[in-house]
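**Student:** Provided herewith is a single structure, encoded as structure tokens, for subsequent inquiry.
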Amino acid sequence: MTERKRSRQPNGASSIYFGKDGKWHGRVTVGVRDDGRPDRRHIERKSQAEVTKAVREMERARDEKKLRKVGQAWTVQAWMEHWVENIAKPYVSENTYDGYEVDVRVHLVPGLGAHKLDRLEPEHLERFYRKMQDSGSSAGTAHHVHRTIRVALGEAVRRGQVATNVAEIAKAPRLEEEDIEPYTIEEVQSLLVEPAKLRNSARWVVALALGLRQGEALGLHWEDVDLAAGYVRIRKNRLRPKYAHGCGAHPCGRKAGYCPTRSQIRREHKSTKSRAGRRTIGLPDPLIKILRQHQEVQDRERIAAGIDWEGKGYVFASPVGGPLSPNTDFHVWKRLLRDAGVRDGRLHVARHTAATVLLILGVPDVVIDAIMGWEPGGAARMRARYMHVTGVMLRKVAQ
């Protein structure tokens, strides 16, 4: 075969030529490398028709900005670990980062980490989600993992590391919305009587009356409460504590949270992130009375603590004025349910109960949305979920 001579193309144009190795070659300029030189990709095929087709496909991918960057060939593990620590962590809240980090470390790296990032397919994800659930993970956990990898791959697409976000194509695990069973009138009455035996008893009255989320209740400061005017402003969320070892050269052998010389490495609270979450709620007269009594008890605790009083302004505080731990708060709730003889339930059931009572009392939707802190886009859907109440409860509240 007569060798085809290679003709010089204009700068930046693609070229196709027959090489001395007996194969057809293509060169496509797709951009600029980090060092400023042209990023010129090489294609090799057995025939001129094949190489021409491949060159045209690469040019189309380049023009549509779907061509992977030259450089590191990422695995799923390498990209997910890089993304969560270097891209996500500086820009998301502590709680969001914690969720991402657990999804990556516990699920995504062991389950998908060996895949080449640019060769990951939707079917890989779908089989992975099924395997998670077959191994005992809930649909909610699998769905959360799906959201995490979707965000991470979206960033990979924006940065040119992959051409397509396969997590947007893959079918997410199906979530069945659980029926919400609010506490009955008798159960609420028991829960309002039993807390009187506990410290911070007003904490649980607020949960049942106002439907505050746990972080909102524990992040409440006295500066946000105006008992004279009868309202409370929701502006802060209590964060879960995170600790580091303080034992230095002599490891204690325990987890950081149980280290005798541990140090807190996370701020105690953050501002409520959504506009709907930042809200002002009117207080009914009985609740104002309860909060005044709670304030008096806390004043006595402050005097008793003396110089040990931390004085951080929390409405619901430790005996020395420090913030309450969300984990401890959860266990107090569980003990409260047992002592009151009320069926077990998540702490969020108190919020369900408050929302349901507002709905069946006929409070206008816009007022309910403001009290509950629901976003405008999802408020109607949330109200529909909370309308699942028994006829007995409807009749008793009506009476």
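**Student:** Over 31 Å between Cα atoms: which of Lys197/Lys312; Lys255/Lys312; Lys255/Lys289; Lys171/Lys242; Lys242/Lys289 fall into that group?
**Tutor:** Correct reply: Lys255/Lys289; Lys171/Lys242; Lys242/Lys289.
**Student:** I would also like to ask the following. In nanometres, what is the gap between the two model label sites at Ala78 and Arg130, each 7 Å from Cα along Cα-to-Cβ?
**Tutor:** 3.0
**Student:** Between Asp308 and Glu44, with labels modelled 7 Å along Cα→Cβ, what's the label distance in nm to one decimal, could you check?
**Tutor:** My value for the distance between the label points is 7.6 nm.
**Student:** Going by amide H atoms built from the backbone, whose H comes under 5 Å of the H on His221, apart from near neighbours?
**Tutor:** Val315
**Student:** Note down the nm distance, to one decimal, between modelled labels 7 Å out along Cα→Cβ at Arg343 and at Arg60.
**Tutor:** Spacing of the two 7 Å Cα→Cβ label points: 5.9 nm.
**Student:** How long are the semi-axes of the equivalent ellipsoid of the stretch 102-227, taking √(5λ) for every eigenvalue λ of the Cα gyration tensor, in whole Å from largest down? Kindly include the intermediate steps, with their values, before the conclusion.
**Tutor:** Values: eigenvalues 381, 72, 30 Å².
Values for the stretch 102-227, descending: 44, 19, 12 Å.
**Student:** Still on this structure, I have one more. Classify the stretch 66-152: rounded, prolate or oblate, from the alpha-carbon gyration tensor (a ≥ b ≥ c, eigenvalue square roots; a/c under 1.5 rounded; otherwise prolate if a/b is larger than b/c)?
**Tutor:** Oblate shape, in that a/c is at least 1.5 and b/c is the bigger or equal ratio.
**Student:** Given the stretch 182-301 reduced to its alpha-carbon atoms as identical point scatterers, what log10 I(q)/I(0) does the Debye formula return at q = 0.18 Å⁻¹?
**Tutor:** -1.00
**Student:** Based on the Cβ-Cβ distance of Lys197 and Glu155, what FRET efficiency does E = 1/(1 + (r/R0)^6) give at R0 = 45 Å, to the nearest 0.05?
**Tutor:** Working: r = 51 Å, r/R0 = 1.13.
After rounding, the FRET efficiency stands at 0.30.
**Student:** Can you list the HN-Hα couplings for the stretch 284-300, worked out from phi with the Karplus curve (6.51, -1.76, 1.60; θ = phi - 60°), rounded to whole Hz and with x for Gly and Pro?
**Tutor:** After applying 6.51 cos²θ - 1.76 cosθ + 1.60, I find x, 4, x, 6, 4, 4, 5, 5, 5, 4, 5, 5, 5, 5, 5, 4, 5 Hz.
**Student:** Kindly state, to the nearest 0.05, the FRET efficiency for Thr164 paired with Lys242, given R0 = 35 Å and r defined as their beta-carbon distance.
**Tutor:** 0.45
**Student:** From Cα pairs below 8 angstrom and at least 6 apart in sequence, can you work out the relative contact order of the stretch 224-316, rounded to a whole percent? All intermediate terms of the calculation are to be shown ahead of the outcome.
**Tutor:** On the way: 99 pairs, mean separation 28.4, N = 93.
The normalised contact order for the stretch 224-316 reaches 31 percent.
**Student:** Rounded to two decimals, what is Rg over Rh for the stretch 235-337 when you use alpha-carbon atoms and the Kirkwood radius? Each step should come with its number before you reach the end.
**Tutor:** Working: Rg = 17.2 Å, Rh = 16.6 Å.
Taking Rg over the Kirkwood Rh, I get 1.04.
**Student:** How high is the relative contact order of the stretch 120-251, in percent, with contacts defined as C-alpha pairs under 8 Å that are six or more residues apart? Before the final figure, lay out each step's value.
**Tutor:** Numbers: 90 pairs, mean separation 21.8, N = 132.
Taking the mean separation of contacting Cα pairs over the length of the stretch 120-251, I get 16 percent.
**Student:** Right, next: On a straight-distance basis, which aspartates and glutamates could pair with Lys46 in a cross-link, Cα separation under 17 angstrom, same-chain partners fewer than 8 positions away excluded?
**Tutor:** Answer for Lys46, where 17 Å is the Cα cut-off: Glu3, Asp21, Glu57, listed by chain and number.
**Student:** For Asp21, tell me the accessible area in Å² from a 1.4 Å probe, rounded to the nearest 10.
**Tutor:** That residue has around 90 Å² of solvent-accessible surface.
The values are calculated or read from the model by the stated rules, or taken from the named source; none is laboratory data. All of these numbers come straight from a predicted model, not from anything done at the bench. Quick reminder, even Gly has a Cβ in these numbers, built from the backbone with ideal geometry, and neighbours come from all protein chains shown. For the accessible areas, the whole protein counts, side chains as well, though only heavy atoms, and no ligand, DNA or RNA atoms are used. Shrake-Rupley method; radii C 1.70, N 1.55, O 1.52, S 1.80 Å.
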